[in-house]
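The values are calculated or read from the model by the stated rules, or taken from the named source; none is laboratory data. Only a predicted model underlies this, so the values are computations on that prediction, with no experimental measurement involved. Cβ placement follows ideal geometry from the backbone for every residue including glycine, while neighbour counts extend to all protein chains displayed. Side chains are part of the model used for accessible areas, which takes the heavy atoms of the whole protein and leaves out ligands, DNA and RNA. Shrake-Rupley method; radii C 1.70, N 1.55, O 1.52, S 1.80 Å.
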Amino acid sequence: MISIKSEYEINMMREASKILVETREALREIIKPGVSTELLNQRADEIIRNLGGNPSFKDYEGYPKSICASVNHVVIHGIPNKKTVLKEGDIISIDLGVTYKGYHADSAATFPVGNISKEKTQLLKVTEEALYKGIEKAIPGNRVSDISHAIESYIKPYGYGIVEAFTGHGIGRDLHEEPQVLNYGPPNQGPVLRPGMTICIEPMVNLGTKHVKVLSDGWTVVTEDRQPSAHAEHMILITEDGHEIMTTKKE
């Protein structure tokens, strides 16, 4: 069942989003060669808690850390550790979840580590642009698959692999709620978007094949061909006259 959020619930999610954005921007400043993913995890955990939130991912279905840190060919759910140290030319996807007074915010972005190749630069650019193409369709009266179709239509000409095994989702009191938000498919299908709905739109885009596999730790998802992957995600509120990107930096 898809929940329509009250004004109180929306305000709690806005507060969670503020904590998330501040944490993400702080991590952006320290992503550089020589930094371990464990250090990023520790810093994020510290900031989130100091700002009055809790990391949504910590202990979620047994996940051991406070963020997901996915480097190069790791698509999502990379587990931070001391041995994974960033190198010049890497890309890293940071997925952040914050809980505030029982309500979640969720967002992801992929960052360059120092100077990266033209191939990776374009992959990051297209993934972020595809996210915003999807967001453009997140308006009342449209259907969920209008978002999906916009994302796929933008990515397809580049020949990249669009991950199908993992998707966007609703969010609120639970980190993952209905509806599922695919990154591919025909338009005009699925639930109608209504004011008060909150969803996460999150294309995961691979330089090569769309096919992925989960490693033996039960979490880490990698591209089958070990080509790089990028991930971009925002949490969106459907409003009376359009949408609000809840997890963007407010000027």
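Looking only at residues in the stretch 50-60 that are touching a strand residue (DSSP E or B) at 6+ places or on another chain (Cβ under 8 Å) and not hydrophobic (A, V, I, L, M, F, W, C), the one that is farthest from His77 (Cα to Cα) is Gly52.
Counting the residues of the stretch 74-84 that are surrounded by fewer than 20 Cβ atoms within 10 Å (Cβ to Cβ) and touching a Lys or Arg at 6+ places or on another chain (Cβ under 9 Å) gives 1.
The residue that is surrounded by the fewest Cβ atoms within 10 Å (Cβ to Cβ), among those in the stretch 1-51 that are hydrophobic (A, V, I, L, M, F, W, C) and more than 23 Å from His169 (Cβ to Cβ), is Ile30.
Before we move on, is Leu124 open to solvent by less than 30 Å² (accessible area, probe 1.4 Å) and in contact with a Phe, Trp or Tyr (Cβ under 9 Å, 6 or more places away or on another chain)? Yes.
Residues checked against (1) of a type in the set (S, T, N, Q); (2) under 28 Å from Gln227 (Cα atoms); (3) touching a His at 6+ places or on another chain (Cβ under 7 Å):
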| residue | (1), (2), (3) |
| --- | --- |
| Val35 | no, yes, no |
| Leu40 | no, yes, no |
| Lys65 | no, yes, no |
| Pro80 | no, yes, no |
| Thr84 | yes, yes, no |
| Glu129 | no, yes, no |
| Lys133 | no, yes, no |
| Glu136 | no, no, no |
| Ser145 | yes, yes, no |
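For the stretch 219-248, the set of residues classified as more than 18 Å from Lys120 (Cα to Cα), among the hydroxyl-bearing types (Ser, Thr, Tyr) and either at pLDDT below 95 or not in a loop (DSSP other than H, G, I, E, B) (or both) consists of Thr239 only.
The set of residues in the stretch 163-218 being more than 20 Å from Ser56 (Cβ to Cβ), open to solvent by 10 Å² or more (accessible area, probe 1.4 Å) and assigned to a strand (DSSP E or B) consists of Val192, Val212, Lys213, Val214. Apart from one condition, Cys68 fits all of (1) touching an Asp or Glu at 6+ places or on another chain (Cβ under 7 Å); (2) touching a residue at least 40 places away in the same chain (Cβ under 8 Å); (3) under 28 Å from Pro157 (Cα atoms); the exception is (3). The set of residues in the stretch 124-141 being more than 16 Å from Glu152 (Cβ to Cβ) and part of a helix (DSSP H, G or I) consists of Leu124, Lys125.
For the condition among the charged types (D, E, K, R) and within 13 Å of the chain's Cα centre (by Cα), what is the one hit in Asp174, Asp95, Asp146? Going through Asp174, Asp95, Asp146 in turn, the sole match is Asp95.
When residues in the stretch 97-114 are screened for being crowded, with 24+ Cβ neighbours inside 10 Å and among the aliphatic types (A, V, I, L, M), 3 of them pass.
Going by the conditions given, is Glu251 open to solvent by 30 Å² or more (accessible area, probe 1.4 Å) and modelled with pLDDT under 95? Yes, satisfied. Within the stretch 14-59, which residues are within 27 Å of Glu178 (Cα to Cα), under 16 Å from the mean Cα position of the chain (by Cα) and of a type outside the set (D, E, K, R)? Residues satisfying the conditions are Ala16, Ser17, Ile19, Leu20, Val21, Thr23, Pro55, Ser56, Phe57.
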